[in-house]
Amino acid sequence: MSLFHFKEFVIDQENCPMKINTDAVLLGALAAVEEVKTIIDIGTGTGVIALMLAQRNHHAIIDGIDIDLTAFEKASLNFNHSLFHERLKSHHFGFVAFFEHHPQNKYDLMVSNPPYFLNALKSPKDNKNISKHTNEQFFLDLLRVANHHLSDKGSLQVIVPVEISLMLQELAPDFSLYPNECYKIRSYADKATIRHIISFSKNKNADLVFNDFCIYAKQGIHSPEYISALKNFFTIF
């Protein structure tokens with residue numbers, strides 16, 4: 001059985017199309033969850049982001065949704081076996097269909113570690129395609145549902161490659177959403193940015209604040225900011 005042990009929960013990721021990865025744990029560790037009461041994790045996979053947010057916010061009610069049946073079943077298992085099970089629920093839906101079935105739902109926080117290989121060569125395994133590949137319509141739909149289903153002071157926070165972050169920043173105002181915070185993720189201080197954790201809200205007047213974040217201090221040595229972000233989760237710290 002493929003088990004990943006965190007300090008306060010365990011993830012079973014056997015046969016799950018999207019395994020635990022750096023993007024997911026960074027979003028789980030860095031997403032702003034203060035004073036948040038309701039959260040939805042879009043494309044929850046194993047449920048790791050939802051579980052990290054549940055550990056960081058002891059009051060939030062969290063929905064995790066995934067279109068892949070195996071991911072839904074694994075997230076359900078991992079939620080039910082956790083200390084936070086009463087506040088977590090997994091749903092077998094794509095996010096557009098989920099909101100069609102729950103048109104009144106509002107969330108203080110929407111998070112997603114979405115598929116991001118736009119128009120790329122696809123794997124012959126269907127579930128790998130679902131978890132890793134998408135097109136521009138996915139992000140348009142994501143902005144549209146965020147516009148309708150975020151609370152007034154809510155935020156959409158995603159981790160994506162830089163080019164997709166720039167695309168989202170350009171498109172978001174068409175949906176009355178505006179970027180307000182961005183973590184620029186680098187592997188090393190002297191390397192190019194590889195990911196953005198970008199946050200959008202309905203606050204048109206918010207200034208976009210940038211934060212630099214390095215994963216490694218040098219080869220094989222995690223940076224102080226990475227250790228600080230993950231020390232409450234990873235058993236190696």
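The values are calculated or read from the model by the stated rules, or taken from the named source; none is laboratory data. The structure displayed is predicted, hence computed values, not measured ones. Note that each Cβ is placed from the backbone with ideal geometry, even for glycine, and that neighbours are counted across all protein chains shown.
Overview of results
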| read-out | value |
| --- | --- |
| Enumeration of residues in segment 128-138 that are crowded, with 21+ Cβ neighbours inside 10 Å and either among the basic types (Lys, Arg) or at pLDDT 95 or above (or both) | none |
| Residue in segment 13-22 that is within 22 Å of ALA146 (Cβ to Cβ), modelled with pLDDT under 95 and outside any strand (DSSP E or B) present | yes |
| Segment 177-190, residues that are surrounded by 15 or more Cβ atoms within 10 Å (Cβ to Cβ) and hydroxyl-bearing (Ser, Thr, Tyr) | TYR178, TYR183, SER187 |
| Any hit, segment 191-202, residues being under 22 Å from the mean Cα position of the chain (by Cα), buried (at least 17 other Cβ atoms within 10 Å of the Cβ) and part of a loop (DSSP other than H, G, I, E, B) | yes |
| Filter result (acidic (Asp, Glu) and either closer than 30 Å to ASN147 by Cα or in a loop (DSSP other than H, G, I, E, B) (or both)) within segment 203-237 | ASP207, ASP212 |
| Complete set of residues in segment 49-83 that are more than 19 Å from VAL10 (Cβ to Cβ) and in a strand (DSSP E or B) | ILE61, ASP63, ILE65 |
| GLY47 among the small types (Gly, Ala, Ser), at positive phi and within 15 Å of the chain's Cα centre (by Cα) | yes |
| Hits in segment 177-190 (condition: part of a strand (DSSP E or B) and closer than 12 Å to ASP212 by Cα) | GLU181, CYS182, TYR183, LYS184, ILE185, ARG186 |
| Some residue of segment 31-38 being of a type outside the set (Lys, Arg), part of a helix (DSSP H, G or I) and in contact (Cβ under 8 Å) with a residue 60 or more places away in the chain | no |
| Sole residue being of a type outside the set (A, V, I, L, M, F, W, C) and out of contact with any Asp or Glu (no Cβ under 9 Å at 6 or more places or on another chain), chosen from SER199, SER176 | SER176 |
| Members of segment 155-176 that are buried (at least 20 other Cβ atoms within 10 Å of the Cβ) and not in a helix (DSSP H, G or I) | SER155, LEU156, GLN157, VAL158, ILE159, VAL160 |
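One line per residue, one yes/no per condition, for (1) within 24 Å of GLU14 (Cβ to Cβ); (2) of a type in the set (A, V, I, L, M, F, W, C); (3) modelled with pLDDT of 95 or more:
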| position | (1), (2), (3) |
| --- | --- |
| HIS85 | yes, no, yes |
| ALA97 | no, yes, yes |
| HIS102 | no, no, yes |
| ASP126 | yes, no, no |
| LEU142 | no, yes, yes |
| PRO173 | no, no, yes |
